[in-house]
Structure formats: structure tokens, C-alpha cells
Amino acid sequence: MSPRPGLNPRPSTNTKLKTTLKYVVAGGLLATAIFLTIYYQQKQKDGRERERPMVDLSGFKWEKVVVLNHEKISGSEVLFNFPVLLHIQETMLKSKTLGGLIEDIHGYDIAFVDELGEIMDHQVENYDPGSGELLVWVRIQELSPFVDTRFSLYFGNENIKEDLSTNFTWEENYTGVWHLNNDTQDATVNNNTGSSFGTNRVLGKMAYGMQFRGDKDVNGSIVHIPDHNSLDLHKEGTIEAWVYVNSFQNWAGVVYKGDKPDFSDDAYFIQFLGDSERQRLTFGITGENGIYSYERSAIDLKSHTWYYIAFTWNPEKIQLYVNGYDYGSKVNNTAARNTDGGLNIGSQLNEAVKNNPFDGVIDEVRISKVARSQQWIATTYKNQSAPASFFSIDDPQPRLGAISKDRFIKYTFSSNVSELKEIVNEN
């Protein structure tokens, strides 16, 4: 997934307008058209600045209200900048050319708007114009366990010609997010994109994931991400992944920072154990002196079952979560060392003969430079394991001005997509 631009419907006091001219030449020298696009700079609450195109929300014809169920939020604290997964499949979200209400074949005219009328950051992982299936991550600035969170899905805007998805959906503490849907690109602004060898695209936990063979051969089976300073975590961090084991291999790596067979450049890791305990995980960090701070999980994993695993560390403790529950912890007095070792997904090392590969499917790998709370991790599991129960979404409503009052009554008695399209066209 390539980096996508952000957007916001109106500037705030922290924004400044600027214009850029885009020249498009078509049909020879005499047929040159000049298009003017308005941009402005916006400063995020986390201090990051980026360019956002101005979007006229009045151009969207349809709106559906999304409600996040507060009872699905674990703990008793508000979660800030939380990426919520929405999985929706409806006929009206098909492309207009295929019988739906979406104007752009790529689903570019899909946006999310909060109750204040401001565009929200979102990132589309998968959109099927033929079935109307949408898998999208939406950044919620304040996710409350006490009251429902409400926002709107806008769609149907023939004026949108560029992708409104943005990698700013992932707040600054995410140093790498790999959906592994159809590539190994990093979904964050850090661009920690990797290369895959010996893997296959298969159905994953969210949409698609990557299958690793578990064979030690000359080609290996691995996703390898080159070292970058954003991946050099020190006093605290979090590793997350969904795993589906076909067969348990000795010392199989899930996520492992380090490349050398003598382990002189490793820093942090989640991998399976060996011999009779290989159905359990080991997790830990390596300090500057080469001393490990690690622990083993208190649970055996089963084959052919999806698990959400998360490993966190801070100066006091290292901790492993499986499906949102604590299944192993240890007092910690070590900080992860900074090395030039790369990050390996689906293998312990990137040397084929000694790589200790994983046999199964891995999906949605994330690394953060902070130790996520148990509340954050438990809520993540609830959202990703059963997204349909995490939110509700109402019937489409016509956007103000998109449908005249005399057609609104006709609309309220119609659930047929073709009739809805006719009503809009009549206006």
C-alpha cells in the first residue's frame, strides 16, 4: 500500500493556505489545461505536520452514521488516537458502474466525518467494487469506555479524483504497520517497507495475509525489513501480530529484530520454543551487554487456530498477551539495544539455512515505540476478532442539498439501490 494523502474540510488556527498549480497536457501543444488545487498545512495534535487537500463535503450524496459500542472498550480510561477496524459489505457500497452508489471504481469517494464536521483520518486496506466490501481503519481521537462514539461515513461524490486514505491514520507511536494484504509496505509514515521471499498471499484474519512455508531451503520463507532508526526501540515497545500455525517448528520466528547467526545484533523478538515446548512462545529483549530479558508463555497454542499475540516491555516489566489476556510476564531491568540488524517476519534470521522459519499464516504486524496498555491490547483484540459486534451502522441518509425535499419522502420508502440512484439523478 503506497502512502496516501491526508485531508480535512477546513483549516484551523494552526493551518495556512497555499496553492499549487497542476499542469495537464492533452491532445497536443494547443490543448493544455491548467488545474488549480487548494492545499493547506495542518499541525496534528501529536506535533506532526502534513499537507491536506481541501475537500468540499457538500459534494457527497450519502451519509451513514457509525456507532462504536462503548461496552466493547476494555478498561476505564479513554484511548486516544485508536485505530478502529470497520468491516462493511453492502450493495450500496458497490461501484456505480457495478450497481452501487460509489462513484469511483477504487472507492476514492469514501470519507469519514466526526460530529464536528471534520474529516477523520482513515486507511482503506481492501475495497471490492463488485461486492461492496470495505475493510478500513479509522483513527478515533478519543475512544471512550463510557459513551458510544459516533461519526459518519460519507460516500458518493463524483468530484473526488484522488485517494483520501492516509498513512497518518497511524499515530506517531506506531513505527511500523504491515497489513500483509497484498504487499510488504509499511502503512505508517516511516516507510519501513520490506521484501518477501518464499511467501504466498492467502486469506488472513482481516482480509489477506502471508503464508510462510516453514522450510529451511536456499530461498527461505520470510519478510525482511531493513534496519531503520525508527525500529530501534529502547526502554519500551510493543510487538503485535495475528498468527495461524499449520505446524509447530523449533524456534520458529514470528517477529525478530536481528539477522546474524551468532545473535550479536538481535534486539527484541517473539518466537516459538523448541523440542517438546515448541507450542509455546518465548518473548524478550536483548540489552547492550548481550544479556537477555525473556520469558516463556504460560499457554500452549493450537494449530489451525487464529491467535492475536502482543509483547510489551518497559523498564519495570516484559509481558505477553494472547487474545487480550496476560499469559506471561517478568520483572525487567534491561533496555533493548540499538543494532543494525533488520526486522524479520515469519523467521528468526534472514539466512536461509539457519533461519528457523514459521509454518503458517501471519497477518497485521505492528510495532510501537511505547508499551501499549492492557486496555489498549484487549480493545484491539475485541475490535479485530469480531469487528461486526464492535459497531453498528444505520441506513443511508441523503446529504443535505443532495436530494430535494419533494424527493425525500420517496427516498424514505425506497431501499432499492437503483431507485435511490434515480432519485439523486432527478435532482
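Readers should treat all values here as calculations from the given coordinates under stated rules, not as data from a laboratory. Every value quoted in this text rests on a predicted model; they were computed, and no experiment measured them. Cβ placement follows ideal geometry from the backbone for every residue including glycine, while neighbour counts extend to all protein chains displayed.
General observations
- Gyration tensor (alpha-carbon) shape descriptor, segment 174-369, a/c threshold 1.5: rounded
- Gain upon complete extension [K260, H234; 0.36 nm per residue less C-alpha separation]: 7.4 nm
- The relative contact order of segment 174-369 comes to 33 percent, based on Cα pairs under 8 Å that sit 6 or more residues apart.
- Trypsin sites (Lys or Arg not before Pro) restricted to segment 251-343 and DSSP loop, no more than 11 other C-beta within 10 Å: K302
- From most to least packed by mean Cβ count within 10 Å, the peptides 362-368, 75-81, 372-378 give 362-368, 372-378, 75-81.
- Considering only A371, Y381, Q348, and ranking their Cα positions along the charge dipole of segment 314-401 that arises from unit charges at the beta-carbon of Lys, Arg, Asp and Glu, the one farthest toward the positive end is A371.
- Modelled spin-label separation between S276 and E133, with each label point placed 7 Å from Cα along the Cα-to-Cβ direction: 4.4 nm.
- In segment 100-188, the trypsin sites (Lys or Arg not before Pro) that fall in loop regions by DSSP, at most 13 other Cβ within 10 Å: K161
- Spin-label model, E158 to S392: label points 7 Å out along the Cα-to-beta-carbon direction sit 3.5 nm apart.
- Simple spin-label estimate for D300 and L116 gives 5.3 nm between the two label positions (7 Å along the Cα-to-Cβ direction from each Cα).
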